[in-house]
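This report concerns only the one structure given below.
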Amino acid sequence: MEYEVVHTDDVPKTDLSEIDEVPPDLQIRALDEVLPTEHVQLKLWYFEPGEEIQYHAHSEQEELYYVLEGEFSVKLGRSGEEEYVDAEPGTFWMARPEIGHGHRNVGDEQGVVLAIGAPAVEDPGLDPHGLEDE
């Protein structure tokens, strides 16, 4: 089919704490498994207060994030040059390949972040402290 339509409530939540190989222990809705995307990964991430995706980088994948609910502190930039940015609903941020990024729910309520990654590759993450400037 050339197009697909799905409501997020129809996409099951996955509890990543039940999958040993996949940190962090958050819940996601893998929209890209229901909408058969070829070139992007598409996930909704659910964060309880204090939960986070730790600072990391990807070798090939560019990522774009959008806050739907909650208050986040975002860490962005190359190792040694990181900046912290506050993000609330309506905030976008992006990280290019090999650029460190991570975010934590600093609010008192559940937070929801839409994550879009391209290309759609298995890119589990790199330690941004070990990357050399080119």
**OP:** Output the qualifying pairs, or none if there are none: Cβ atoms under 9 angstrom, residues six or more apart or on different chains, first residue in the range 10-28 and under 16 Å from Q110 (Cα atoms), second residue of a type in the set (S, T, Y) and at pLDDT 90 or above.
**Re:** K13/Y46; L26/Y46; Q27/T14; Q27/Y46; I28/T14; I28/Y46
Original post:
Taking into account only those residues within the range 4-35 that are touching a helix residue (DSSP H, G or I) at 6+ places or on another chain (Cβ under 6 Å) and among the aliphatic types (A, V, I, L, M), which is farthest from Y46 (Cα to Cα)?
Top reply: V6
**OP:** Could you tell me which residue of the range 46-85 is surrounded by the fewest Cβ atoms within 10 Å (Cβ to Cβ), considering only residues that are assigned to a strand (DSSP E or B) and free of Cβ contacts under 8 Å to residues at least 12 places away in the same chain?
**Re:** E83
Subject >> the range 6-32, subset in a loop (DSSP other than H, G, I, E, B) and hydrophobic (A, V, I, L, M, F, W, C), residue modelled with the lowest pLDDT >> reply: V22
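The values are calculated or read from the model by the stated rules, or taken from the named source; none is laboratory data. Since the structure is predicted, the reported quantities are computational estimates derived from the model, not experimental observations. Cβ sites come from the backbone with ideal geometry, for glycine too, and all protein chains shown count toward neighbours.
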